[in-house]
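Undergrad: Here it is, the structure in full.
The values are calculated or read from the model by the stated rules, or taken from the named source; none is laboratory data. Since the structure is predicted, the reported quantities are computational estimates derived from the model, not experimental observations. All Cβ positions, even for glycine, are placed from backbone atoms using ideal geometry, and neighbour counts span all protein chains on display. Just the protein is used for accessible areas: all its heavy atoms, side chains included, with ligands, DNA and RNA removed. Shrake-Rupley method; radii C 1.70, N 1.55, O 1.52, S 1.80 Å.
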Amino acid sequence: MNQIIRNIRQKTIKSLDNTSRSGRAAPDELVPSRYALRVGDIDVLVISDGVLTPPAESMATNADPSVRAAWLDDMFLSRDAFDWALNEVVVRSGDQTILVDSGLGLEYPDFPRAGQLVSRLEAAGIDLASVTDVVLTHMHFDHVGGLLVDGVKDRLRPDLRIHVAAAEVKFWASPDFSRTAMPPALADVARRAATQFLDEYRSQLRPFEEEYEVAPGVVVARTGGHTPGHSVVRLVSGGDRLMFAGDAVFPVSFDHPDWHNGFEHDPEEATRVRLRLLRELATTGAWLVATHMPFPSVGRVAVAGDVFRWVPAWWDY
Ligand SMILES: [Zn+2]
């Protein structure tokens, strides 16, 4: 059955490629891959890049293995590896179109079901040439990889601005993986992708120190933790709020905010950042969207005793 679905999906993606060149309307996929909402005057579109399957143990490197296994069992997730969402967002504010993160691209071939950003943007009617700004929460390969796909740079505007924390750019000149628990192959991919990204896009970088207002009501702010320059994007308009939290919050983070993720370069600081952001979200009632929360990854955060509770949005048709 899975093979059949994969085949259909591949054919669908192929036909999207064909139709987009011929200018005909693209057929829809069998599963939804985009979800639109409004934050005051700001349009937000969550786009799924697909799914990754990292080792399940990387969700909680400091947990007792039996406690971790029990949590996975409770969530009906495999103890070995499970499908982990990979989301990006497109934000329209004023006359700017802002892409936040770019997905996997082709950076890690062992994750063949991710890297679908470009075809899904096309299916949503979004031309790469209409993107005025890119914001990167950080420079891991599953966030910059989409920009490295052959032909993508040529289709982006020559005056595209890419906003990323200065600390992130500095970090990847000589990255430290000593505190991560990444499989070595992934650490190599991470180094290579960040280096290639800086080589190809350096002249378009607009590094910021702590915070930068990219467009009206769209502010990117450095948090550090996951990586030294990791950042979140806060949208505020007409009394509505949304935070794109990048890799500061994972599906396990509500029940176990103190669990370290194997991809965190400073796990203790990442935990402090996570707790601060989750408390902020519970207080403000802002929508949360995060890279690796299950699609469409739109929900709110409630306090549940000493921990938190994820309250998914009811889809608005
Ligand atoms: Zn990530």
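Undergrad: Mind counting the residues in the stretch 80-105 that are part of a loop (DSSP other than H, G, I, E, B) and under 13 Å from Val214 (Cβ atoms)?
TA: Of the residues in that region, 2 qualify.
Undergrad: Select from the stretch 228-247 the residues that are in a loop (DSSP other than H, G, I, E, B) and within 16 Å of the ligand (Cβ to nearest atom) and list them in ascending order.
TA: Of everything in the stretch 228-247, those that are in a loop (DSSP other than H, G, I, E, B) and within 16 Å of the ligand (Cβ to nearest atom) turn out to be Pro228, Gly229, His230, Ala245, Gly246, Asp247.
Undergrad: Same structure, new question: Taking the stretch 250-272 as the region of interest, how many residues are open to solvent by less than 30 Å² (accessible area, probe 1.4 Å) and either aromatic (Phe, Trp, Tyr) or free of Cβ contacts under 8 Å to residues at least 12 places away in the same chain (or both)?
TA: Result for the stretch 250-272: 4.
Undergrad: Which ranges mark the strands (runs of 3 or more DSSP E) fully within the stretch 109-211 that have 1 or more residues being open to solvent by 40 Å² or more (accessible area, probe 1.4 Å)?
TA: The strands (runs of 3 or more DSSP E) meeting that bar are 161-165, 205-208.
Undergrad: Now for a different question. With the checklist (1) in contact with an Asp or Glu (Cβ under 7 Å, 6 or more places away or on another chain); (2) closer than 15 Å to Phe308 by Cα; (3) crowded, with 22+ Cβ neighbours inside 10 Å in hand, flag the one item Thr227 doesn't pass.
TA: Evaluating Thr227 over (1) in contact with an Asp or Glu (Cβ under 7 Å, 6 or more places away or on another chain); (2) closer than 15 Å to Phe308 by Cα; (3) crowded, with 22+ Cβ neighbours inside 10 Å leaves (2) as the failure.
Undergrad: Within 18 Å of Ala36 (Cα to Cα), buried (at least 20 other Cβ atoms within 10 Å of the Cβ), among the aromatic types (Phe, Trp, Tyr) and modelled with pLDDT of 95 or more - does that describe any residue in the stretch 297-310?
TA: no
Undergrad: Is there a residue being more than 22 Å from Trp71 (Cβ to Cβ) and without any contact (Cβ under 8 Å) to a residue 12 or more places away in the chain anywhere in the stretch 210-219?
TA: Looking for residues that are more than 22 Å from Trp71 (Cβ to Cβ) and without any contact (Cβ under 8 Å) to a residue 12 or more places away in the chain, one finds at least one in the stretch 210-219, hence yes.
Undergrad: Residues that are within 16 Å of the ligand (Cβ to nearest atom) and under 21 Å from Ser231 (Cβ atoms): list the strands (runs of 3 or more DSSP E) wholly contained in the stretch 250-317 that include at least 2 such residues.
TA: Here the list reads 287-289.
Undergrad: Please tell me if Gly94 is at pLDDT 95 or above, on the phi > 0 side of the Ramachandran plot and either open to solvent by 10 Å² or more (accessible area, probe 1.4 Å) or out of contact with any Cys (no Cβ under 6 Å at 6 or more places or on another chain) (or both).
TA: Yes, satisfied.
Undergrad: Sort through Leu147, Leu121, Leu136 and tell me the only one that's within 16 Å of the chain's Cα centre (by Cα), more than 27 Å from Glu210 (Cα to Cα) and at pLDDT 95 or above.
TA: It is Leu121.
Undergrad: May I pose another question? Sort through Val134, Val89 and tell me the only one that's under 23 Å from Pro216 (Cα atoms) and touching a residue at least 60 places away in the same chain (Cβ under 8 Å).
TA: Val89
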